[in-house]
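Since the structure comes first, as structure tokens, the remarks are kept for the end.
Please treat every number below as a calculation from the coordinates, not as lab data. It should be emphasised that the depicted structure is a prediction, and the values quoted were computed from it without experimental measurement. Note that we place each Cβ from the backbone using ideal geometry, even for glycine, and neighbour counts take in every protein chain shown.
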Amino acid sequence: MTLVSIITPSFNQASYLEQTLRSVLEQGYPRIEYIVIDGASSDGSPEIIRKYAQRLAYWTSEKDSGQAEAINKGMSRAKGEIVAWLNSDDYYLPGAVQAAVREFAAHPEVLLVYGDMLAVDQHAVLIHRHRYEQLTLDDLLSFQIIGQPAVFMRRTAFERAGGLDTQLRFLLDHHLWIRIAAIGPILYVNETWSAARYHAAAKNRAQAALFGREAFQILDWAGRQPEFSSVLTRLGKRSPASAHRVDARYLLDGGQPWPSLQAWGRALRLHPPTALRRLNLLIGAVLESVGLRRLRLLLMRLRGSY
């Protein structure tokens, strides 16, 4: 039976950490190697981890430079053929690991698989459902985002891609997906595997303005890589317009509707089809800007996706 290694990077998320740990340990899949790398939390997280220490393959609590270093550190210890990381405020749904193993077995050529993902609030109440589709390298270089908690990889793919770039803090996962997709196939599975928590202290809320900056940083990096520069040339204005659209999305998530509208407008001017594909961002930003946030959230729930 295939060994699956799960890494949880943890830092001062004690309010959510236990649900994360239990969602892995209670998967029911018999061969999970669970590694927790805590960055010297001061909020009681080490005490929570210690409760489950006998069921962990390894854990530590020591200072590090951030999420990317913590995950890379955990991955360096991982022995599983399949690997993933689960942040300490997110959680798996039942059966997620078994489903990922099944897909890798059915598709031996595939390097990465991903499913759909729930967005929940601090109380684990559903906000909306992220529904994805089969993406290509073109799509990833156009910032079609995959929900990281619903991603599993072959360990060899993570290693061949060079792991996570420790210079990135916000789109470090997307940067990795691009590099893996350049090596071999990735596969979408029409199942919901995980939940990502949206709360005031989360990066996608507290530091929303910085996601767009990293999108353009990644575009600049890709333009200097021979394997990507020709793709970007072919994509033309779609890629920079998509970076502005990503900026609009995270600004809206961060409660900045007017800057979000401006970013969406820049995407529209560069490449109208890219902006219009996410017309919901325009509608959401307008509703937020006139004080109708509750209506926006209601529409998101009714729509069932984002």
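Between Rg and the Kirkwood Rh of segment 207-303, both from Cα atoms, what is the Rg to Rh ratio? It would help to have the intermediate numbers written out before the result.
Details: Rg = 14.5 Å, Rh = 13.9 Å.
Computed over Cα atoms, the ratio is 1.05.
For the chain, take the longest principal axis of its alpha carbons; what is the angle in degrees between that and the long axis of helix 96-106, to the nearest 10 within 0 to 90?
80 degrees
Enter the Cα centre distance for the pair segment 163-182 and segment 232-264, rounded to the nearest angstrom.
19 Å
Taking amide H atoms as placed 1.01 Å from N in the peptide plane, list the residues 5 or more away in sequence, or in a different chain, whose amide H sits under 5 Å from that of LEU187.
Excluding prolines and chain starts, which carry no amide H, the hits are LEU112, VAL113, TYR114.
Which distance in Å, rounded to a whole number, links the C-alpha centroids of segment 209-231 and segment 12-67?
Each part's Cα centre sits 33 Å from the other's.
Each residue of segment 31-43 in order: what ³J(HN,Hα) in whole Hz does its phi give by Karplus 6.51 cos²θ - 1.76 cosθ + 1.60, θ = phi - 60°, with x for Gly and Pro?
Values per residue, Gly and Pro as x: 10, 10, 9, 10, 10, 10, 10, 9, x, 6, 4, 10, 10 Hz.
Diagonalise the Cα gyration tensor of the chain and give the resulting equivalent ellipsoid semi-axes, square root of 5 times each eigenvalue, largest first, whole Å. Walk me through the numbers on the way to the answer.
On the way: eigenvalues 183, 108, 65 Å².
Taking √(5λ) for each eigenvalue gives 30, 23, 18 Å, largest first.
Show me the ranking of peptides 47-58, 15-26 by mean Cβ neighbours inside 10 Å, starting with the highest.
Values: 47-58: 14.2, 15-26: 18.9.
Sorting 47-58, 15-26 by mean packing, highest first, produces 15-26, 47-58.
Rounded to whole Å, give me the distance from the Cα center of segment 275-291 to that of segment 132-152.
Distance between centres, Cα-based: 22 Å.
Separation between the SER289 and ARG50 pseudo-spin-labels, each 7 Å from Cα along Cα→Cβ, expressed in nm?
5.2 nm
For segment 55-62, take each phi angle, set θ = phi - 60°, evaluate the Karplus expression 6.51 cos²θ - 1.76 cosθ + 1.60, and give the result in whole Hz per residue in order, putting x for glycine and proline.
9, 9, 6, 6, 8, 8, 9, 8
Answer with one residue from ILE37, GLN262, ALA182: the one whose Cα lies farthest towards the positive end of the charge dipole of the chain, charges on Cβ with Lys, Arg +1 and Asp, Glu -1.
GLN262
Taking Cα pairs under 8 Å and at least six residues apart, what relative contact order does segment 1-158 come out at, in percent?
On the way: 269 pairs, mean separation 42.6, N = 158.
Result for segment 1-158 is 27 percent.
Out of residues 5 or more away from LEU93 or on other chains, whose amide H comes under 5 Å of its own, with H placed 1.01 Å from N in the peptide plane?
HN-HN under 5 Å from LEU93: SER194, ALA195.
By average Cβ neighbour count within 10 Å, what is the ranking of 232-239, 174-181 from highest down?
Ranking, from highest mean packing down: 174-181, 232-239.
Counting only DSSP beta bridges with both residues in the chain, tell me the antiparallel percent, nearest 5. Spell out each step's value before the answer.
On the way: 11 of 34 bridges.
Taking every DSSP beta bridge with both residues in the chain, the antiparallel ones total about 30 percent.
5 Å is the cut-off here: which amide hydrogens, built 1.01 Å from N in the peptide plane, fall below it relative to HIS130, excluding neighbours closer than 5 in sequence?
MET117, LEU118, ALA119
Rounding to the nearest 10 and keeping the result within 0 to 90°, find how far the Cα-based axis of helix 172-181 lies from the longest principal axis of the chain.
Here the helix axis deviates by roughly 90 degrees.
Take peptides 144-151, 158-165 and line them up by average Cβ neighbours within 10 Å, highest first, as a rough protection proxy. Walk me through the intermediate numbers first.
Values: 144-151: 23.1, 158-165: 17.6.
So the peptides 144-151, 158-165, ranked by packing, come out 144-151, 158-165.
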